[in-house]
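The values are calculated or read from the model by the stated rules, or taken from the named source; none is laboratory data. Given the structure is predicted, the values throughout are model-derived calculations rather than measurements. Please note: Cβ atoms are built from the backbone with ideal geometry, for glycine as well, and neighbour counts cover all protein chains shown. All accessible areas refer to the heavy atoms of the entire protein, side chains included, with ligands and DNA or RNA removed. Shrake-Rupley method; radii C 1.70, N 1.55, O 1.52, S 1.80 Å.
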Amino acid sequence: MRLDQDKRLTYYRIETASQVVGMPPATIRYYARVGLVRTRREGREELLDEQEIARLRRIRRLREDLGINTAGVEVVMRLLDELESLRARLAETR
């Protein structure tokens, strides 16, 4: 775990995030590779912030609780991202 002094965000190594969300590190790396989560590189380390940890929890819930496969998770996450973007734009126009 590391605190970024400029942004006051906590970043977690993939191994730590793995323990936090209950998901193997290889799975998290795969999700990063396919674009479901965004990692930040610091040297050789790949780091995730709290927002990405929350995304991983949501992905795990979709996979385990709802039985959605990876392709379905990608669609759901893309739609949720679009919804969040639209809500932000609506809030700006108000």
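Couple of notes before you dig in:
- Residues in segment 71-94 that are within 14 Å of the chain's Cα centre (by Cα) and either open to solvent by less than 100 Å² (accessible area, probe 1.4 Å) or more than 27 Å from Tyr11 (Cα to Cα) (or both): 6 in all.
- All conditions in (1) part of a helix (DSSP H, G or I); (2) polar (S, T, N, Q); (3) surrounded by 14 or more Cβ atoms within 10 Å (Cβ to Cβ) hold for Thr10, with the sole exception of (1).
- Among the criteria (1) open to solvent by 30 Å² or more (accessible area, probe 1.4 Å); (2) in contact with a helix residue (DSSP H, G or I) (Cβ under 6 Å, 6 or more places away or on another chain), the one Val37 does not fulfil is (1).
Rundown of residues vs (1) under 15 Å from Met77 (Cα atoms); (2) part of a helix (DSSP H, G or I); (3) in contact with a strand residue (DSSP E or B) (Cβ under 9 Å, 6 or more places away or on another chain); (4) of a type outside the set (D, E, K, R), yes/no style:
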| position | (1), (2), (3), (4) |
| --- | --- |
| Met23 | no, no, no, yes |
| Arg29 | no, yes, yes, no |
| Leu36 | yes, no, no, yes |
| Arg41 | no, no, yes, no |
| Arg58 | yes, yes, no, no |
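- The set of residues in segment 46-68 being open to solvent by 50 Å² or more (accessible area, probe 1.4 Å) and either of a type in the set (A, V, I, L, M) or closer than 21 Å to Ser18 by Cβ (or both) consists of Glu50, Gln51, Ala54, Arg57, Arg58, Arg60, Arg61, Arg63, Glu64, Asp65, Leu66.
For every residue, the table says whether it meets (1) of a type in the set (Phe, Trp, Tyr); (2) touching a Cys at 6+ places or on another chain (Cβ under 6 Å); (3) modelled with pLDDT of 95 or more.
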site	(1), (2), (3)
Asp6	no, no, no
Leu9	no, no, no
Thr27	no, no, yes
Tyr30	yes, no, yes
Gly35	no, no, no
Arg44	no, no, no
Ile53	no, no, yes
Arg63	no, no, yes
